[in-house]
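Derivation of every value follows stated rules applied to the coordinates shown; laboratory data play no part. What you are looking at is a predicted structure, and each value in this text was computed from that prediction instead of being measured. A quick note on method: Cβ atoms are made from the backbone with ideal geometry, for glycine too, and the neighbour counts reach across all protein chains shown.
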Amino acid sequence: MGAVAFVIIAGIAVGSALGLVFKRNAIHAALFLVVNLGAVAVLYLTLGAQFLAVAQIAVYAGAIMVLFLFAIFVLIPGKEETGPDPRRSYRILALPVGGALLAPLAIVLAAAPRGPAPPAAAPDGVESIARLLFTDYLFPFEVTSVLLLAAMVGVLLLSRRREG
Amino acid sequence: MVPESWYLTLSAVLFAIGVVGVIVRRNPLVIFMSIELMLNAANVAFVAFGHRQGSGDGQAIVFFVMAVAAAEVAVGLAIIVAIFRLRHRLSVDDLSLMRW
């Protein structure tokens with residue numbers, strides 16, 4: 001059972017990686033990378049790394065890929081958005097697809113348990129990594145904030161327009 | 001339970017694909033994405049080894065790799081945008097100024 005799941009997820013990961021490398025369109029490549037990052041997040045779950053799986057989705061598939069797509073849109077202006085809409089049928093399909101996505105979400109929300117949360121479970125992957133980050137790895141953890149601040153300042157400096 | 005060696009094999013395959021991407025593509029953005037792919041492959045290996053050792057150290061290191069990757073992407077994309085402003089073209093074949 002676990003082996004079958006692994007083979008499926010690994011196949012998705014490898015296939016999307018190949019798509020990233022061999023698709024000519026940069027946007028397709030970026031979307032393949034999102035699929036790849038999602039598959040790797042599922043692999044983290046199978047290894048008991050729940051925190052990393054969520055961080056992978058939030059940081060990589062969320063923040064970093066949005067940056068990538070933004071850069072692609074700025075740097076590689078496509079002709080798709082000008083003139084008459086050649087893919088009108090796709091736009092019409094968007095609403096039913098969105099509705100189909102909403103239905104399972106609604107079912108899950110309806111099935112969610114009401115009332116107070118159950119007592120905390122036994123220590124799991126999240127608790128162990130939290131303990132490590134705030135004890136053994138406290139100094140690197142704090143240095144990370146300096147690194148991110150430095151990156152932010154650097155980006156502002158690089159993207160500033162020269163005056164005059 | 002799936003043995004850790006499978007994860008390591010997958011990690012190696014993903015890393016190799018990332019290397020191929022860096023080599024064959026000419027768009028710096030796609031090269032950058034291939035680098036992200038390689039970072040992810042290394043992360044898979046870290047988590048697999050940590051799982052095998054039964055310690056959270058591998059996961060902690062992956063956390064730091066993610067932070068470094070976020071900083072790297074922000075600065076790298078800013079550099080690419082700055083180059084594009086200067087050159088108005090986007091191909092690494094044109095960027096041979098600093099090549100020895």
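Name all residues of segment B:68-95 having a backbone nitrogen under 15 Å from the label point set 7 Å from the Cα of A:A150 along its Cα→Cβ direction, giving them as ranges. Counting only backbone N, you get B:68-76.
Residue separation of B:D57 and B:S91 scaled by 0.36 nm, minus their Cα-Cα distance, works out to 8.3 nm of gained length. Please list, short to long, the whole-number percent of alpha-carbon pairs of the protein assembly as shown in consecutive 10 angstrom bins beginning at zero. Each 10 Å bin holds this share of Cα pairs: 6, 23, 30, 25, 12, 3, 0. Shown is the FRET efficiency for A:V54 and B:A82, computed with R0 = 41 Å from the Cβ-Cβ distance and rounded to the nearest 0.05: 0.80.
Calculate the FRET efficiency for B:R26 and A:V14 from the Cβ-Cβ distance with a Förster distance of 22 Å, rounded to the nearest 0.05. Once rounded, the FRET efficiency stands at 0.45. Relative to the longest principal axis of the Cα atoms of chain B, the long axis of helix B:57-87 makes an angle of roughly 10 degrees. What you get for the protein assembly as shown, charging only the Cβ of Lys and Arg (+1) and of Asp and Glu (-1), is a dipole of about 1020 debye around the Cα centre. Taking every Cα-Cα distance in segment A:125-164 and sorting them into 10 Å bins starting at zero, the pair-distance distribution P(r) comes out as 27, 29, 22, 15, 6, 2 percent. If the segment from A:H28 to A:V74 were pulled out straight at 0.36 nm per residue, it would be longer than the present Cα-Cα gap by 15.0 nm. Ranking B:V92, B:G58, B:A78 by how far each Cα lies toward the positive end of the dipole of segment B:40-100 (charges on Cβ) leaves B:V92 at the top.
Projecting label points 7 angstrom from Cα along Cα→Cβ for B:A42 and A:A94 puts them 3.9 nm apart.
Counting Lys and Arg as +1 and Asp and Glu as -1 over every other residue whose Cβ lies under 15 Å from the Cβ of B:G21, the net charge comes to +3. When the helices of the protein assembly as shown are scored as -39500 (n - 2.57) per DSSP H run of n ≥ 4 and the total is divided over every residue, the value at 222 nm lands at -25000 deg cm²/dmol. For trypsin sites (Lys or Arg not before Pro), the sites in segment B:1-89 that DSSP calls loop and that have at most 13 other Cβ atoms within 10 Å are B:R26, B:R89.
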